[in-house]
1. What FRET efficiency do you get for GLU250 and LYS28 if R0 is 22 Å and r is their Cβ-Cβ distance, rounded to the nearest 0.05?
2. According to a simple spin-label model (label point 7 Å from Cα along Cα-to-Cβ), what is the distance in nm between THR178 and TYR321?
3. Could you sort 134-146, 118-130 so that the peptide with the highest average Cβ count within 10 Å comes first and the rest follow in order?
4. Hey, how many Å between the Cα centroid of region 217-287 and the Cα centroid of region 20-68?
5. For the chain, what relative contact order do you get, as a whole percent, if you take Cα pairs closer than 8 Å and at least 6 residues apart?
6. Give the ranking of LYS91, LYS73 by solvent-accessible surface, highest area first, calculated with a 1.4 Å probe.
7. Restrict the search to region 177-240; then list the trypsin sites (Lys or Arg not before Pro) that DSSP places in a loop and that have at most 16 other Cβ atoms within 10 Å of their Cβ.
8. HN-Hα J couplings of region 150-156 from phi, Karplus 6.51/-1.76/1.60, θ = phi - 60°, integer Hz, Gly and Pro as x?
Amino acid sequence: MSTTIAAPVLIIGGSGIVGSQAAQTLRKLHPDLPIAIGGRDLTKAKSVADTLGSAEAVSIDLDRADLGQPAGKAFSAVVLFVKDETLNSLKFAQAHRLPYLSVSSGVFEVGPEMAHYIHKPNSSAILMASTWLAGSATFPVLQAARDFRRIDEITIAVVLDEQDMGGPAAFADFERLTQSAPNPLALKNGKWRWVTGAEAKRSFTDIDGKQIEASAYSPFDVLSLGVATGAHSIRFDMAYGESASRRRGEPFSTEIVLEISGELNTGEQATARLDIVHPQGQAPLTALNVALAVERLLGLSGGEKVAPGLYFPDGLIEPDYVVARMQEFGAVFRRTDAENHLWVSGEKRHIARA
């Protein structure tokens, strides 16, 4: 590590399926980093901490401003894998001037977090990481977008296998974000709008060439990419059901289909498509991207410790680094254009699609 961290990173929800994988990924990337697994069930948290080494279990009470921690208890960062309706976790981080990362907010819920930042802008680095799988779509789009001089449209479609939901907290987030939320947000012809009715439905071709029905969804990717790329239109859709791998009789996978249309740096009009699959589902990619964000916040990779501010993940981490790590951790990438060519850094050769 380039920086020595004495106090543990507090992972609230770290005994859950994705939170525990994030802790394990952090341990793999930084063997000496102290970690605190926080949760309501101390026994469950301890069982995860015991597998990590250099880790402890702490009981967390989100209804308390001190999170139930004794006076003088120190942490180096706060990472949130559950929905904190009190935002006491954020207030705790600000009070102790700690970096803070959350992954469970919807576009329609950003107001309270932004208000806390606006009132105390110099207290903490606040990373709003509620993008799809904590950045698994955003970073590959940004890398692929470099081949374009002008981007007319970005469409993102994901498949969340119904067997790949995770634990109770993840299911509660899914229900809140898809059923209790207002209409999803999209950028169309340069105008931000809430998608309603029949317009909220779209079919797309999945990684096996099958037409899949999906519904509009708006994680933070829509906001961040809409600004970062200058795209004229951007839309995100999710299909919840059976992944292509499970249709083939294999275990579930997670699938992301990205398409970018516009004018290439060479002057040609083109549509590039990128398929991303992780054969172990959504948890490994979410865990990886959270771990990469934590190491960046603490200055363990990519620069000094991040200064107080309000950030999206792509404002802090280089896309090439994330994409390389995604591939290293098991994600499979395939990029093609509309004429069935494989694209690699602006060059293309013909391939036969599966």
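The values are calculated or read from the model by the stated rules, or taken from the named source; none is laboratory data. Everything quoted here is computed from the prediction, not taken from an experiment. Virtual Cβ from ideal backbone geometry, glycine too; neighbours counted across all protein chains shown. Just so you know, the surface numbers come from the protein's heavy atoms only, side chains and all, with ligands and any DNA or RNA stripped out. Shrake-Rupley method; radii C 1.70, N 1.55, O 1.52, S 1.80 Å.
1. Details: r = 25 Å, r/R0 = 1.16.
Efficiency for this residue pair is about 0.30.
2. 3.3 nm
3. Working: 134-146: 23.4, 118-130: 19.5.
Top to bottom by mean Cβ count within 10 Å: 134-146, 118-130.
4. First find each Cα centre; the distance between them is then 31 Å.
5. Details: 746 pairs, mean separation 66.6, N = 354.
Relative CO of the chain lands at 19 percent.
6. On the way: LYS91 80, LYS73 55 Å².
Reading off the accessible areas and sorting them downward yields LYS91, LYS73.
7. Numbers: sites: LYS188, LYS191, ARG193, LYS201, ARG202, LYS210, ARG235; in loops: LYS210.
Within region 177-240, the qualifying trypsin sites (Lys or Arg not before Pro) (loop, at most 16 other Cβ atoms within 10 Å) are LYS210.
8. Rounded to whole hertz, the list is 9, 10, 7, 8, 10, 10, 10.
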